[in-house]
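To keep things clear, I will list the structure first and then write my remarks on it.
The values are calculated or read from the model by the stated rules, or taken from the named source; none is laboratory data. Here the structure is a predicted model, which is why all the values come from computation and not from measurement. Here Cβ is always computed from backbone atoms with ideal geometry, including for glycine, and neighbour counts include all displayed protein chains.
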């Protein structure tokens, strides 16, 4: 699965500035989930599509032994500098190659699961994750099933960077028949008074709860679904912005 987007290559050094500012909250959530559903036995964690290691680094500091896999050399280089005690390997997150039950838990955060575009590949992903995960799997994605989800969306934001700023324009279109959301990005990077323009595009499959549940079975069962990272808010399909799915491997 290719990881050649500008966001993961040319813009990798800015990724943590462009990424959501909720990393600490997400990792506190994961810690609570591991303790609640792992019965105190979650130690080794696999971060699928780890990017710059923003989750891996904090989980490592919390006492977990984390391995992150990703296909972007640029992102992995940043991750290794950020968290030297973690392990980072260039590898497709759909095809993790480790010993059976090597990890106590696996996480796939921030709609990374959407890079899987069809059911056949999703099922293959599940079978591969089953082999290397002993107990818990956490998946997160945008909840497009809520009442006020916008099929077409345009947004702009400006992010300050050292010696300049980045203006980002994002146009999204969701096709309800295919389940695919197409995204187009334009980056205007002003750094040291020099302007650089980059274009980027992306496709994500927004999976429905019913689809995920069906494709996880019988390898995994869903224990709970959360609507945010508080670990206390239960999922409301009509109102929640996110769907964070906590699964347990079937014995």
For the range 17-57, enumerate the residues that are touching a strand residue (DSSP E or B) at 6+ places or on another chain (Cβ under 6 Å), in a helix (DSSP H, G or I) and free of Cβ contacts under 8 Å to residues at least 60 places away in the same chain. 55, 56
Cβ pairs under 9 Å, 6+ apart, first in the range 58-71 and not assigned by TED's automatic domain parsing to the domain that holds residue 102, second modelled with pLDDT of 95 or more and in a loop (DSSP other than H, G, I, E, B): none
If we scan the range 158-171, do we find a residue that is crowded, with 16+ Cβ neighbours inside 10 Å and either touching a residue at least 40 places away in the same chain (Cβ under 8 Å) or in contact with a helix residue (DSSP H, G or I) (Cβ under 8 Å, 6 or more places away or on another chain) (or both)? yes
Residue that is farthest from residue 6 (Cα to Cα) [pool: residues in the range 195-234 that are in a loop (DSSP other than H, G, I, E, B) and in contact with a helix residue (DSSP H, G or I) (Cβ under 8 Å, 6 or more places away or on another chain)]: 219
Top-ranked residue of the range 176-194 - restricted to ones that are at pLDDT below 95 and not in a strand (DSSP E or B), ranked as farthest from residue 161 (Cα to Cα): 193
Yes or no: the range 6-13 includes at least one residue that is in contact with a strand residue (DSSP E or B) (Cβ under 9 Å, 6 or more places away or on another chain), under 19 Å from residue 116 (Cβ atoms) and touching a residue at least 12 places away in the same chain (Cβ under 8 Å). yes
Residue among 191, 211, 177 that is exposed (fewer than 15 other Cβ atoms within 10 Å of the Cβ), out of contact with any strand residue (DSSP E or B) (no Cβ under 7 Å at 6 or more places or on another chain) and not assigned by TED's automatic domain parsing to the domain that holds residue 120: 177
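Listed here are the residues, each with its yes/no results for (1) over 24 Å from residue 122 (Cα atoms); (2) in contact with a helix residue (DSSP H, G or I) (Cβ under 9 Å, 6 or more places away or on another chain).
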| site | (1), (2) |
| --- | --- |
| 38 | yes, no |
| 44 | no, no |
| 49 | no, yes |
| 57 | yes, yes |
Can you tell which of 85, 131, 135 is out of contact with any helix residue (DSSP H, G or I) (no Cβ under 9 Å at 6 or more places or on another chain) and assigned by TED's automatic domain parsing to the domain that holds residue 26? 131
Would you be able to say whether some residue in the range 24-34 is at pLDDT below 95, surrounded by 15 or more Cβ atoms within 10 Å (Cβ to Cβ) and over 26 Å from residue 202 (Cα atoms)? no
